[in-house]
1. So which residues in region A:128-160 are open to solvent by less than 30 Å² (accessible area, probe 1.4 Å) and in a helix (DSSP H, G or I), if there are any at all?
2. Tell me yes or no: at least one residue of region A:92-112 is in a helix (DSSP H, G or I), modelled with pLDDT of 95 or more and touching a helix residue (DSSP H, G or I) at 6+ places or on another chain (Cβ under 7 Å).
3. If you go through region B:196-226, how many residues are closer than 16 Å to B:GLN122 by Cβ, open to solvent by 20 Å² or more (accessible area, probe 1.4 Å) and in contact with a helix residue (DSSP H, G or I) (Cβ under 8 Å, 6 or more places away or on another chain)?
4. Please go through region B:358-381 and pick out each residue that is more than 14 Å from every other protein chain (Cβ to nearest Cβ), buried (at least 23 other Cβ atoms within 10 Å of the Cβ) and of a type in the set (A, V, I, L, M, F, W, C).
5. Going by what's in this entry, would B:MET346 be described as open to solvent by less than 20 Å² (accessible area, probe 1.4 Å) and under 24 Å from B:SER115 (Cα atoms)?
6. I'm trying to understand the selection: among the residues of region A:98-117, which are open to solvent by 10 Å² or more (accessible area, probe 1.4 Å) and of a type outside the set (Gly, Ala, Ser)?
7. Just to be sure, is A:THR56 open to solvent by 10 Å² or more (accessible area, probe 1.4 Å), part of a helix (DSSP H, G or I) and either facing chain B (nearest Cβ under 10 Å) or not basic (Lys, Arg) (or both)?
8. Got a sec? Which strands (runs of 3 or more DSSP E) wholly within region A:174-248 have at least 1 residues that are within 13 Å of chain B (Cβ to nearest Cβ)?
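The values are calculated or read from the model by the stated rules, or taken from the named source; none is laboratory data. The model shown is predicted, which means the values in this text are computed figures rather than measured ones. For neighbour counting, all protein chains shown are included, and Cβ atoms are generated from backbone atoms with ideal geometry for every residue, glycine included. Ligands, DNA and RNA are stripped out before the accessible areas are found, and what is left, the full protein with its side chains, is counted by its heavy atoms. Shrake-Rupley method; radii C 1.70, N 1.55, O 1.52, S 1.80 Å.
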Amino acid sequence: MEKNIAIVSSSYILKPKEDVMSDREMLYTVVKDAMDKVGLTRDDIKSIVTTDEDFTVGRAIADEFTVDFCGGKLKPNARMCAESMLGLITGFMQIKTGLFDVVVCALYDKVSHIEHPYYLASLSLDPVFERPLGASPIYIAACEMRRYMYKYKVKREDIADVIIKMKKNALKNKNGYFGANIKREDVINSKVISHPLQEQDIAPDADGAVCFILASSKKAKKLTTTPVWITGVGYSSQTASSSWYTSELADAGYLKQAATAAYRMAGIKNVLKDVSFAEVDDRFSYKLLQHIEALGICKEGEGAKFIKSKKSDIDGEFPVNPSGGALGCGTTLTTCGAMRVAEAYNQLLKQADGYQIKNPKRAVCASWAGIPTRSGAVIILEGEIK
Amino acid sequence: MRKVYITGIGQTRFVSKSPLTSAELCFEAASKALSDAGIEKDEIDAVVFGCAPDAFDGIAQIGENVIDACGGRGKPFVRNHFGGATGVASCCVGWWNVASGVFDKVLVVAEQKMSPPTPHAQEIFIRNWDEMYHRPLLPNVVRMASLEMTRYMYESGATKEALCEVAVKNRTNAFYNPNAQLPKKMTLEEALSSRVLTWPVSLSDISPTSDGAVACVLVSSDVAKKMKCKKIEIAGVGWCAESVYWETRGISTYTYIEKSARMAYDMAKIKSPQKEIKIANVYDPFTYKECHHAEGLLLCKKGDGWKLAIEGISQKDGKLPINPHGGLLGAGNPIAAAGLMQVVEMVKQLRGEAGEMQVKPVPSCGLAHAWGGLFQFSAVVVCRS
């Protein structure tokens, strides 16, 4: 496993829906902050990578407006319409070519300006076969949850306990806006959105922007004494969003495929032994379980058992989402994955005040592109901070 | 730097309204490219997909919708979107997928359907502009082009006749292109007398809206050695973006185009593009754009772009043929796919497989260019045989 590309600096903003900054203000703030932290000027930046989706940003070519706010004027700007971890993976690949030594990855998304988020999500449904059904696509998450609970005989109460833990973790996180001490009844009695999915199963919406500055190993050593290396990347699309129902819905097959590639690159043979902790997309409660199972952190169907156990505690053998995840901090749509990487980065730098893991060395971060997709990505981070 | 080769190409016909879905268009182009390369879809390591505004196709997260059709099922799949520059930029994305060493065989697919929006795709374009400062002025692409075209004509001295000659050249070149949407042996009189939309832009100055898809296979040099098909090397790639705020950068600026070209020329070790580039597929969504871009791409002196067609330099049998396949004006403009068409038609020329469109002698070094956003993105690929 090679240590060629490092995150040398990161900055992020996470705001609940009610506290509004424009997307351009968020981008400028995080990019400027990340650059200032390592003393970089605009001239030092060789390439900019952004991720966003036109429909959620509300512009026909959203990246027209990211150029100015990322210091990208008259620079190579690349834009992926994909989950934010693909932005990091793109920056990683760009540096690996040898063409650039410093890349700014500016990843953002907003929900506060969307009046009807589920209507917007329905526009991702296939217009020939699925959209004419006229249903809110949240039924897809409900189908997946139902199938998961059926196949692995997982009870409503067990999944409730998972949500309780995530929200409790978030209480220690200054960005844990949705942290709370809730009880089983609060989950079980919450509004049914699409059975068996209830209100508490769905991570609340938030606005967020994350900037990562990536550098080649030579450059990283000049910029910081605490580089965090990206030692493994993998991404995969199990099926098209128009054929999501042809997958086994109980499992996150896309993440298993992505993890296989990332683990191979990072030389990981046994995730529980070789990795210290995980930050994983949990925008739905059952998704967290599917994701940790796909990553090999526990056996299929045993996700709830693992999360409920002390093993996954912040001071446990293998902490999962010590930040509180999206359930505790809010999901920022396409930027949910980047938030998980930002949290893992802070942990590795021992900057997770109030929820710091002892001696973390390696993190596995996992993302999903949301309904109706079957696409996900995995990034392995390694830190050297004593 | 790891070398990357284009070993397979394919495209659909470009038409005004295709009855095929976005996925079906992708499938056709992807199948043809794989067949041309002589490899199966299971051998592909990753897929790069390019599509400009999702709103044209009418499907949000359109990349996710076409994964299976592009042969990406169960594979790493990523979609990029650089506005009009997407097609050539997709080739750049494919390039770094392979040049990074992460993948060895990548399928690049670019697609667009512009027929779904009613009454017309222009309705989507209004959402490109800043909602506070610019949208209230009710701009559209034709109005913006008229600003830039007026300024270009003022600064360079370009005549309407010279710019119409670009339309005549490209529409006539398209006559020999079996995939073209608007083949026509056009006369200068026809071009000059076409209806004015927003002065000085008239109908003959504009490329059509189109549906279509294009694909190509990119491989590492180790894989290319074992393949029997013709291999064309990607010698250089470049891309650059300018500010979206025209107030800060001048109407007719092309610094971003020049920077994208220099990035590709440096990589390809090209010192004199006017001499070393033997065929250039320059993005021509408007007639004057072919001229303006040619200057930005350093294919002629500043201010001389408008002379290239009328003086015969950019004709198929000229010193520096530009768009011998008809360009966007003649072959059609399904936004993302049009850019990749510029790459694929250039590859055909370098292979000597362009049929009646063939530039002679067969060129050994070519350039493909695409441009987009609010007149702010530029992407360039330079290839050698």
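1. Hits for region A:128-160 are A:ILE138, A:ILE140, A:ALA141, A:ALA142, A:GLU144, A:MET145, A:TYR148, A:ILE159, A:ALA160.
2. Yes, that holds for at least one residue.
3. 3
4. Matches in region B:358-381: B:LEU367, B:ALA368.
5. It is false that B:MET346 is open to solvent by less than 20 Å² (accessible area, probe 1.4 Å) and under 24 Å from B:SER115 (Cα atoms).
6. Result: A:LEU99, A:PHE100, A:ASP101, A:LYS110, A:HIS113, A:ILE114, A:GLU115, A:HIS116, A:PRO117.
7. yes
8. Hits in region A:174-248: A:206-216, A:228-237.
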